[in-house]
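Some notes on the structure that comes next.
None of the figures in this text is laboratory data; all of them are computed from the coordinates on show. For clarity, every value in this text was computed on a predicted model and none was experimentally measured. Positions of Cβ are backbone-derived with ideal geometry, glycine not excepted, and every protein chain shown enters the neighbour counts.
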Amino acid sequence: MKNLTRSELKAIASQCSQYEPVSSQFTSSLSNASTSCETCSHYVDRKCTLDLIDQIYDNMTE
Ligand code: SF4
């Protein structure tokens, strides 16, 4: 797994069809929380539980 920057995580989430914002702390206090893997409910332990990050990242860099 690559070490991705915040802007890369945002770019990935914006391309991701499975992006699902976490409903709790992020979105309630920050109404304009940005789309990013960091605010996705599938992002656990700095990894995508659906294993989509590498796939999307590779598509973006092609
Ligand atoms: S964590 Fe996974 S499912 Fe969520 S936006 Fe990122 S790549 Fe998509």
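Spelling out what I want: for every residue of the stretch 36-41, take phi, set θ = phi - 60°, compute 6.51 cos²θ - 1.76 cosθ + 1.60 (Karplus), and round to whole Hz; glycine and proline get x.
6, 4, 5, 10, 9, 5
Show the residues, 5+ positions off or on another chain, whose built amide H is closer than 5 Å to the amide H of CYS40.
Those lying under 5 Å, H to H, from CYS40 are VAL22.
Counting Lys and Arg as +1 and Asp and Glu as -1, what is the net charge of the other residues whose Cβ lies under 10 Å from the Cβ of GLU38?
Around GLU38, the charge tally is +3.
If each of THR61 and ASP45 carries a label point 7 Å out from its Cα toward its Cβ, how far apart are those two points in nm?
Simple spin-label model gives 2.3 nm for this pair.
Quick one: what are the phi-derived ³J(HN,Hα) couplings along the stretch 13-22, Karplus 6.51/-1.76/1.60 with θ = phi - 60°, whole Hz, x for glycine and proline?
4, 6, 9, 8, 7, 9, 4, 9, x, 5
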